[in-house]
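Worksheet: one structure, shown below.
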Amino acid sequence: MAAARLLKDEATEEKGDRARMASFIGAMAIADLVKTTLGPKGMDKILQSTGRGRNVTVTNDGATILKSLHIDNPAAKVLVDISKVQDDEVGDGTTSVVVLAGELLREAEKLVNQKIHPMTIIAGYRMAAECARNALLLKVKDNKQDPDKFKSDLMKIAMTTLSSKILSQDKEHFAKLAVDAVLRLKGSTNLESIQIIKKAGGSLKDSFLDEGFILDKKIGIGQPKRIENAKILVANTAMDTDKVKIYGARVRVDSMARVAEIEVAEKEKMKQKVQKIIAHGINCFVNRQLIYNFPEELFADAGILAIEHADFDGIERLALVTGGEIASTFDNPESVKLGHCKLIEEIMIGEDRLIHFSGVEMGQACTVVLRGASSHVLDEAERSLHDALCVLSQTVNDSRVLLGGGWPEMTMAKEVDELARKTPGKKSHAIEAFSRSLQAIPTIISDNAGLDSAELISQLRAEHHKDTTNAGIDVISGGVGDMDKLGISESFKVKQAVLLSATEAAEMILRVDEIITCAPRKREDRM
Amino acid sequence: MALAFDEYGRPFIIIKEQGQKSRLRGLEAQKANISAGKAVARILRTSLGPKGMDKMLQSPDGDVVITNDGATILEQMDVDNQIAKLMVELSRSQDYEIGDGTTGVVVLAGALLEQAEKLLERGVHPIRISEGYEMASKLSAEHLESISQKFEFSVTDIEPLVQTCMTTLSSKIVNRCKRALAEIAVKAVLAVADLERKDVNLELIKVEGKVGGKLEDTELIYGILVDKDMSHPQMPKRIENANIAILTCPFEPPKPKTKHKIDIDTVEKFQTLRQQEQNYFDDMVQKCKDVGATLVICQWGFDDEANHLLMHRNLPAVRWVGGVELELIAIATGGRIVPRFQELTTEKLGKAGLVREKSFGTTKDRMLYIEHCANSRAVTVFIRGGNKMMIEETKRSLHDALCVARNLIRNNSIVYGGGSAEISCSIAVEAAADRHPGVEQYAIRSFAEALDSIPMALAENSGLPPIDTLTAVKSQQIKENNPYCGIDCNDVGTNNMREQNVFETLIGKQQQILLATQVVKMILKIDDVISPSEY
């Protein structure tokens, strides 16, 4: 008698070695995919969407690449997931985390083939990860006390982050821009208050940081184009018809005359509302919803600048920068907080006209205007800048800093190696494997830069066996260099997140010994 | 097959459309059922114990779940076979009743079925086997009671509880920080426990997870966590000594349920209606303000105007809070859920020492913490972790730990883990078998052997030679008359589970044995399977 069928049709089950192999292969394929984008000389990928328009994205941001992939292998999904989380949590290191997890699994596969039980490998990896983390903790530098040094640290981190991106040509410019923007936040990690406006045209170098706030809107016709000492009312209210909202109300009339009367009443109502708004003593009115022609005309008559249909984020940000509150009712003009700014004017960037609020009360928010040759360049620039901003804002909170350029990996590898020698039992193989995986990262960086990785890594390792060293890979000159002098730094928080999440993901995949795939849900055919 | 003939040799039909149905009967039916049950057990066998492996399950929608929780694996597996479904039910009922040991119960049932198959081949009648099993299970439940120990803890001395939870957690992926999680679980359970009645309502413990951060950041909040933010971005982010109005009515114009129409035909009507509308909003906010509320939590949405009025009157508000959360908030803050503005009174407000909004990571995720509540009996465990799967798995593990802690509060008897209880039972059952006359003796002996399969699987998963280890431990137990010897899964060096601090709850173990026996009995009794044919 045939074995009873347990699962539903089309559900598949893979067991033991086969399951493990499937997940190793899937995970390593993903790691190999993003491997070439690692490091300052990493290459970019073109992603073409399957949707309408076949949009093209050019990027070397690991998270962006992985997000856009359609993946079927469950183990690969785990890796995509950690990269996403890395992006959400620290913003940078999205490629490194996947590559490290991939390397850990590659080493683990070798060990499994040598008949070492996965649980033993996991135990070894755990010890190694702990040891690596402690090694990093010993070596961190914290310059929080010294504002100047801290700022230069931030600069270095920003430059290191940006150097692997499209902005590397003007990294100094952008690093300064990012550091300035983040320092204005004064420790908050809410990147919402940094607005990024992309305008095609010009070159990347023309990008600038604006201290005020730029709203991508036009000023209504016939209204003043420039207001000094503006008093701004930020509102979220219907300025079209302003319906009566009580449920079930409807207009039923029996003659044309009545229609006219009600129309007048409606107009009157709108007029009153506008009057009330004007009574706040404002000279600028920004609304989230549409402003119809009639009220707009009334505003123009009163000499008030009325801006309609600003998006919700814009409104929130504007309220934040100008210090006003978002109003929806206008009956108590005396107690509504108005926003203030020194000057509102229309400015031109490229061919577009924008509204510029300068001299705002709260210094937190600012706007970065990105210029660039094409929308792809701008998109990539925005992603890169976003990475840099994320890293910086995290660093402001956790000011511990490490050197970059493969230095932390080599330091960890050295400590982990030492641990392997001291540890008795099969675990030590796994610990050694962990150290090899760590060394794979500088290897990939130098491979991507077209350098002789075998030679470089061995030199680097020799350097690191001296007591204190700042040696790392200098991709520019193609040799081993002093990272401190070259000013290549990384944030401790990013490195730690990379280390821990990669180990966690590798462990998760290693523990699996069976994959059960349910039949895909059938889509209804509506074709 | 199912064709019967009357005395004249004419066939008549018993089952409708029998040609299209397949039918198995007699020994063959039992064997088919047993092999299905065994197949399920075989899948779970490798997940048993601290060194058990995980399973990766891909759902029909492509989501990936990685777990080693027996109940979850079976639930996600999309099982088609009827008997396999019984096993799934079995693991689920263990989950509902005890919350832990869901893998063990299935493995035990599988082993019992395997033994039953051997007996069936020898020609023992299935009913006799079930009777033997029944007796043996009673015997082992009693034996468990005799080797169990009372175990003392109090609100101040939670160490023993933590140890037990750690045993549960050590088989999960979270065992890296099992200590911290076990402490969280125990504290959470103690916070909501009614120690006099020995009752714990686990619904008061809410488990929330958020992707990001690391497992070590998981925390216990003596209060409620709501995944919402303030309705207006400029409302205060921190409120001390909040008086909370909990509303289930929207800040919107009223919508009478009866059908109605308001006809506007004159200008006056239009204006009065408008006036009324404005007053209505004002009224609502004023009512909340009048009773002294400093925070409004509402189940529904707000109108833009109402939102601004609230902001204007300096009354922070949260909207779209789910029903379950609303109830928890009401319990925690000692407030009442108010369905109408008219019924809002000062007594119905909930009190909380601190309400604050906290943001996470680089995204703009914010959550609302309601802490220092008047009635601190509702707590939240907030889990952080590297990825979604990790958090889901942590949630499941924590659920197990919470259940274990609850069971201990209900009944503080424990047995020792690591397979020691099973081995000890097996010895006792074996000895009892010899005293029993009749065919059941064989069944009882088989039961003893089935019990051995659990420590065997443990040893196998830990990479130890299973038979060597088991026999060594068994002889040690008999020689030293020490029921605490088990399998040393973690390579600690001693196999005395008492020294290793590996406990399990007595009721959990008893339940496992009883449930598994019941299901096996049920499967054995089936001698005819009629199912629609596949073609």
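Rounded to the nearest 10 degrees, the inclination of helix A:427-448 to the longest alpha-carbon principal axis of chain A is 60 degrees. Around the Cα centre of the range B:389-522, unit charges on the Cβ atoms of Lys, Arg, Asp and Glu (plus for the first two, minus for the last two) sum to a dipole of about 520 debye.
Using the Cβ of B:N243 as centre and a radius below 13 Å, the other residues enclosed give a net charge of +1, where K and R count +1 and D and E count -1. The range B:304-369 and the range B:407-469 have Cα centres spaced 54 Å apart. In order along the range B:302-307, the phi-based Karplus estimate (6.51 cos²θ - 1.76 cosθ + 1.60, θ = phi - 60°) of 3J(HN,Hα) comes to 10, 6, 3, 5, 4, 4 Hz; Gly and Pro are listed as x.
For the range A:380-394, the Karplus equation 6.51 cos²θ - 1.76 cosθ + 1.60, evaluated at θ = phi - 60°, returns couplings of 5, 4, 5, 4, 5, 5, 4, 4, 4, 5, 4, 4, 5, 5, 5 Hz by residue, with Gly and Pro reported as x. Considering all different alpha carbon pairs of the range A:381-501, the Kirkwood hydrodynamic radius works out to 15.4 Å. With respect to chain B, whose longest principal axis is taken over its alpha-carbon atoms, helix B:82-97 is tilted by about 60°.
Using the reciprocal of the averaged 1/r over all distinct C-alpha pairs, how large is the Kirkwood radius of the range A:1-155 in Å? Display every interim value, and only then the final one.
Working: mean 1/r = 0.0532 Å⁻¹.
One decimal place: 18.8 Å for the Kirkwood radius.
Which entries in the list A:K149/A:K495; A:K414/B:K210; A:K45/B:K237; A:K165/A:K422 go over 32 Å, if you measure between the two C-alpha atoms of each? Each step should come with its number before you reach the end.
Values: A:K149/A:K495 21 Å; A:K414/B:K210 34 Å; A:K45/B:K237 42 Å; A:K165/A:K422 41 Å.
Too far apart for the 32 Å limit: A:K414/B:K210; A:K45/B:K237; A:K165/A:K422.
Counts of other chain beta carbons within 10 angstrom of each beta carbon in peptide B:267-278 average 4. Taking GluC sites (Glu not before Pro) in DSSP loop conformation with at most 16 other Cβ atoms inside 10 Å as exposed sites, chain A has its longest uninterrupted site-free stretch at A:11-210.
Phi-derived couplings, Karplus 6.51 cos²θ - 1.76 cosθ + 1.60 at θ = phi - 60°, listed residue by residue for the range B:419-435: x, 5, 5, 5, 5, 4, 4, 4, 4, 5, 5, 4, 5, 5, 4, 5, 7 Hz, with x used for Gly and Pro.
Residues whose amide H lies under 5 Å from that of B:D54, counting only those 5 or more places away or on a different chain, are A:V512, A:D513; hydrogens are built 1.01 Å from N in the peptide plane.
Distant-in-sequence amide contacts of A:Q195, defined by a placed amide H-H separation under 5 Å and a gap of 5 or more residues or a different chain, comprise A:C366, A:T367, A:V368.
Relative to one another, the C-alpha centroids of the range A:460-502 and the range A:364-417 are positioned 16 Å apart. Fewest-first ordering of B:Y484, B:Y222, A:Y125 by other beta carbons within 10 Å of each residue's beta carbon gives B:Y222, B:Y484, A:Y125.
Where nothing but the Cβ of Lys and Arg (+1) and of Asp and Glu (-1) is charged, how large is the charge dipole of the range A:396-506 around its Cα centre, in debye to the nearest 20? Mind dumping the intermediate values first?
On the way: 12 positive and 16 negative charges, 91 e Å.
Taking the Cα centre of the range A:396-506 as origin, the dipole is about 440 debye.
Of the residues A:L419, B:V200, A:S501, the one whose Cα sits farthest towards the positive end of the charge dipole of the protein assembly as shown is B:V200 (charges of +1 on Lys and Arg Cβ, -1 on Asp and Glu Cβ, taken about the Cα centre). Helix-only arithmetic for chain A: the sum of -39500 (n - 2.57) across DSSP H runs with n ≥ 4, divided by the residue total, places the mean residue ellipticity at 222 nm at -16000 deg cm²/dmol. Between the listed residues B:F153, B:L515, A:N113, the Cα displaced farthest toward the positive end of the dipole of the protein assembly as shown, a dipole computed from Cβ unit charges relative to the Cα centre, is found at B:L515.
Between the amide H of B:G385 and those of B:K210, B:G212, distances stay under 5 Å, these residues lying 5 or more places away or on another chain, with hydrogens modeled in the peptide plane.
Shown here: the protein assembly as shown, whose C-alpha atoms stretch 108, 84, 67 Å along the first, second and third principal axes, sorted largest to smallest.
Going Cα to Cα from B:K118, which lysines come in below 17 Å? Please leave out same-chain ones fewer than 8 positions away. Output for B:K118: B:K31, B:K38, B:K521, B:K525.
The residue list B:L470, B:N407, B:Y484 was ranked by how far each Cα lies along the charge dipole of the range B:364-485 toward its positive end, using unit charges on Cβ atoms, and B:N407 comes out on top. Between the Cα long axis of helix B:323-333 and the first principal axis of chain B there is an angle of about 80°, rounded to the nearest 10. By other beta-carbon atoms within 10 Å, ranking A:F174, A:F434, A:F150, B:F12 with the fewest at the front produces B:F12, A:F150, A:F174, A:F434. Taking the Cα centre of chain A as reference, the dipole from Cβ charges on Lys and Arg (+1) and Asp and Glu (-1) amounts to some 780 debye. For the protein assembly as shown, DSSP calls about 65 percent of its internal beta bridges antiparallel. Taking other C-beta atoms within 10 Å as the exposure proxy, A:K495, B:K210 rank B:K210, A:K495 from fewest upward.
Select from the range B:317-362 those trypsin sites (Lys or Arg not before Pro) which occupy a DSSP coil region and have at most 12 other Cβ atoms within 10 Å, ordered by residue number.
Values: sites: B:R319, B:R336, B:R340, B:K348, B:K351, B:R356, B:K358; in loops: B:R319, B:R336, B:R340.
Hits after loop and neighbour filter: B:R340.
Neighbouring Cβ atoms from other chains, within 10 Å of the Cβ of residues in B:297-308, number 3 on average.
Coordinate-derived values only; no laboratory data. Since the model is a prediction, treat every value here as computed from it, not as a measurement. Here the Cβ is made from the backbone with ideal geometry for all residues, glycine too, and neighbour counts use every protein chain on show.
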